1. Scanning the stretch 411-444 for residues that are part of a helix (DSSP H, G or I) and near the ligand (Cβ under 6 Å from one of its atoms), which turns out surrounded by the most Cβ atoms within 10 Å (Cβ to Cβ)?
2. With the requirement that a residue be away from the ligand (no atom under 13 Å from the Cβ), out of contact with any Gly (no Cβ under 7 Å at 6 or more places or on another chain) and small (Gly, Ala, Ser), what does the stretch 363-386 give you?
3. Does at least one position in the stretch 314-331 carry a residue that is among the basic types (Lys, Arg), under 23 Å from Asp685 (Cβ atoms), away from the ligand (no atom under 16 Å from the Cβ) and in contact with a helix residue (DSSP H, G or I) (Cβ under 8 Å, 6 or more places away or on another chain)?
4. In the set Gly136, Gly112, Gly121, Gly155, which member is open to solvent by 30 Å² or more (accessible area, probe 1.4 Å) and of a type outside the set (Lys, Arg)?
5. Can you name every residue in the stretch 483-514 that is away from the ligand (no atom under 16 Å from the Cβ) and open to solvent by 30 Å² or more (accessible area, probe 1.4 Å)?
6. So, in the stretch 341-362, how many residues would count as being touching a residue at least 24 places away in the same chain (Cβ under 8 Å), within 11 Å of the ligand (Cβ to nearest atom) and open to solvent by 10 Å² or more (accessible area, probe 1.4 Å)?
7. Suppose the filter is over 25 Å from Ser74 (Cβ atoms), open to solvent by less than 30 Å² (accessible area, probe 1.4 Å) and touching a residue at least 24 places away in the same chain (Cβ under 8 Å); does Val291 pass it?
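The values are calculated or read from the model by the stated rules, or taken from the named source; none is laboratory data. For clarity, every value in this text was computed on a predicted model and none was experimentally measured. Glycine gets a Cβ as well: all are built from the backbone with ideal geometry, and neighbour counts include every protein chain shown. Accessible surface areas use protein heavy atoms only, side chains included; no ligands, DNA or RNA. Shrake-Rupley method; radii C 1.70, N 1.55, O 1.52, S 1.80 Å.
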Amino acid sequence: MSYTNFKIETDADGIALVTWDMPEKSMNVITPEVMEELDAIIDETAADPAIKGVVITSGKPSFSGGADLSMIKSMFTLQAEEKAKDPAHAAQKLFDLVGRLSRLFRKLETCGKPWVSAINGTCMGGAFELSLACHGRIASNSKAVKIALPEVKVGIFPGAGGTQRVPRLTNTQDALQMMTTGSSLTAARAKAMGLVHEAVDPDKLIDAAKAMIKNGLKPVQPWDEKGFKLPGGGIWTPASAQLWPAASAILRRETYGNYPGAIAILKCVYEGLQVPFDTALKIEQRYFTEVLQTTEAFSMIRSLFISMQELGKGARRPAGVPKAELKKVGVVGAGFMGASIAYVTAAAGIPVTLIDRDMEAAEKGKAHSAGLVKDSIGKGRLTKEEGEALLSRITPSAVYDDLSDAGLVIEAVFEDRQVKKEVIEKVEAVIAEDAIFASNTSTLPITGLAQNSRRPDQFIGIHFFSPVEKMMLTEVILGKETGERALATALDYVAAVKKTPIVVNDTRGFYVNRCVFRYIHEAYDMLIEGIPPAMIENAAKMAGMPVGPLSLNDEVAIDLSQKILKATVADLGEEAVDPEHMALIDKMVGVLDRRGRKNGKGFYEYPAKPAKKYLWPGLKELYPQKDAGNIDVEVLKQRFLVTIALEAARTVEEGIVTDPREADVGSILGFGFAPFTGGALSYIDGMGAKGFVELCKKLAKDHGDHFKPTPLLREMAEQGETFYGRFDPYGEAQKAA
Ligand code: NAD
């Protein structure tokens, strides 16, 4: 038989090599068609007496990314339809549907012929679960091989046998750690854990896999053998009695019970290890069905997988503008941000000219990259040659003429209108007529800066976040006159440096900083009310934020907050700023010289390492403290999420953000907005506009007018609308289709 997604070649020894190579896809994924074909291949190879065993590998550089999450997303739609049609049987139908992959893998491991998975590259999720169902697993020891069960990161969990096979191959603690964090393993680590049998050189992979079969690999999994013993001991052993209470406590500490998918992993493993394998798979299937019906799973898959991928692939890129081939990028300002922008650009293979006021400053900017390269070589992430090549792409300079052949120039000089004006004029005097100019400003509106430009349609904001090397998000800001080619070039550049872009219209603070400062200002309100600082920080983390607002303000620098508050007063008048906030920050910076981490004292104290930072005890002296026992922590949690979500909604109402996907992805990647919600707008959609408006009204009554629901939200509540319904990002595409 011939297949669309697989090729089968049987050698003289009777070993069938099944190569998974989906046409027109850069990576293999599990789709309904792939499942059907795999099912048929199991039947075909099992029935053919000439075939002794099967090796499955991939024809692409990676093995597979696992299940196609669009397929899982479609299950949500299906489930909603079923619920409306036949509520009594909807869950049963979903249960049957989600068990399909698990049943297929069980069929594979009990088909009577030995199967070996030859893992040639990255092998994730459902694809690793497929490999786990094979009787043998050989991984290439290439650096490119990453093995993981990362489902928890998008709100679900390994639901095709992963939660049962992993803890039957390795000790329970490692199994839980791998699945609840979703972290990647190298081939060597997977071998050490007992998850693969061998790690070999890439060119020996297929031979080693075939050799396993030739050497008599039994087509029976250890757990199907009589007398099978769990590698970590059973649930009722002394070791387990120590592990389990700690495991649930650790999960609670890390996730505050916000992630149904993570909790389900613990339940599946705990319950599944006490019963026979087929029953264990049923338990997993039940929990998977349950988790798939949660708002968290729906919203996380939508934002963290589908939307992120769509934005990364240029969902907002103007069609029809040819792709920008950036042969050279200029970066002006080799300070904190410019040096890092030069690094990520060079790391993407693009030559950079890095300009500062003098050669010494430019060289210093390049030295930042040299430090990063040295680290990466030390950690084995780059070879010496790759590191040298990267550095050779950065040319420090103090001469603007060196920018003459750059297709894109990004300025990251001081946050000062006059300095930026001079730089814009100097750059435009030397660059080509069709080159694009971008500003990395974090506070100055792009339209205003573009007034210094001779070609405002070629002027745009590309706002990176620090640390640039780690932050995945980039905000692309459109000035009033920014043209399509500037947008397309900016998005092509952002894609080249492997960041996820959101495209926003011009406004004070753009999107991310507007929301971030709402988060920080809510903490100021709480401090002023006398909420104990530790409670403020903990409530934020319990709400799902990765960093407490006071800690975040220390990182951003408290004097920067002061500068921004002052600039807001200068531009918009006294009433634009809460005088009590101003007094708090003036005291912190002006009187106490507490500027944040940068001067070793802020809301926190920063003792010499290895001691850890701790909240500055004097903070409690600034305001009379409330009794913690009388404070409702649930309300504190709501205040943080609601104030940010409201700001996100305002940006949509004002036309700053036009696509809900960008508001959601931007909030998670930009400042870690409680990822389990799927982002700031999904948080509102998830509870429904009506519920959100009610919550806003209650908070406004107790905690201030800034919680008042906006007209848009009230209208959405009345009409039962969602952001994704009202601002449907696919609307235009659907109309066109
Ligand atoms: P920085 O002070 O570390 O660096 C600025 C650099 O610009 C310095 O090296 C300075 O010598 C150089 N410079 C100043 N005038 C110049 C001129 N006329 N020609 C050439 N070089 C000149 O500042 P930074 O923190 O890197 O910020 C730079 C820009 O990035 C600002 O617009 C800031 O708002 C923005 N930004 C900063 C952050 C952040 O976290 N620091 C985040 C996002 C955006």
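1. The first filter runs over the stretch 411-444 and keeps only residues part of a helix (DSSP H, G or I), leaving 417-430.
Next, only the ones that are near the ligand (Cβ under 6 Å from one of its atoms) stay: 419, 422-423.
Numbers: Val419: 14, Glu422: 13, Val423: 23.
Checked the stretch 411-444; the qualifying residue surrounded by the most Cβ atoms within 10 Å (Cβ to Cβ) is Val423.
2. Residues of the stretch 363-386 that are away from the ligand (no atom under 13 Å from the Cβ), as a first pass: 369-386.
Adding the requirement that they be out of contact with any Gly (no Cβ under 7 Å at 6 or more places or on another chain) leaves 369-372, 374-375, 378-386.
Matches in the stretch 363-386: Ser369, Ala370, Gly371, Gly378, Gly380.
3. If we filter the stretch 314-331 for residues that are among the basic types (Lys, Arg), which is where we start, we get 316-317, 323, 327-328.
Filter again for under 23 Å from Asp685 (Cβ atoms), leaving 316.
Pick out the ones that are also away from the ligand (no atom under 16 Å from the Cβ) and you get 316.
Of the ones still in play, those that are also in contact with a helix residue (DSSP H, G or I) (Cβ under 8 Å, 6 or more places away or on another chain) are 316.
Checked against the condition, which is being among the basic types (Lys, Arg), under 23 Å from Asp685 (Cβ atoms), away from the ligand (no atom under 16 Å from the Cβ) and in contact with a helix residue (DSSP H, G or I) (Cβ under 8 Å, 6 or more places away or on another chain), the stretch 314-331 yields at least one hit.
4. Numbers: Gly136 fails: open to solvent by 30 Å² or more (accessible area, probe 1.4 Å); Gly121 fails: open to solvent by 30 Å² or more (accessible area, probe 1.4 Å); Gly155 fails: open to solvent by 30 Å² or more (accessible area, probe 1.4 Å).
Of Gly136, Gly112, Gly121, Gly155, the one residue that is open to solvent by 30 Å² or more (accessible area, probe 1.4 Å) and of a type outside the set (Lys, Arg) is Gly112.
5. Within the stretch 483-514, Glu484, Arg485, Ala495, Ala496, Lys498, Asn505 meet the criteria.
6. 4
7. On the way: over 25 Å from Ser74 (Cβ atoms): no; open to solvent by less than 30 Å² (accessible area, probe 1.4 Å): yes; touching a residue at least 24 places away in the same chain (Cβ under 8 Å): yes.
No: the conditions fail for Val291.
Here's the yes/no breakdown for (1) part of a helix (DSSP H, G or I); (2) open to solvent by 30 Å² or more (accessible area, probe 1.4 Å); (3) among the basic types (Lys, Arg):
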site: Met1; (1), (2), (3): no, yes, no
site: Pro23; (1), (2), (3): no, yes, no
site: Glu37; (1), (2), (3): yes, no, no
site: Val55; (1), (2), (3): no, no, no
site: Gln92; (1), (2), (3): yes, yes, no
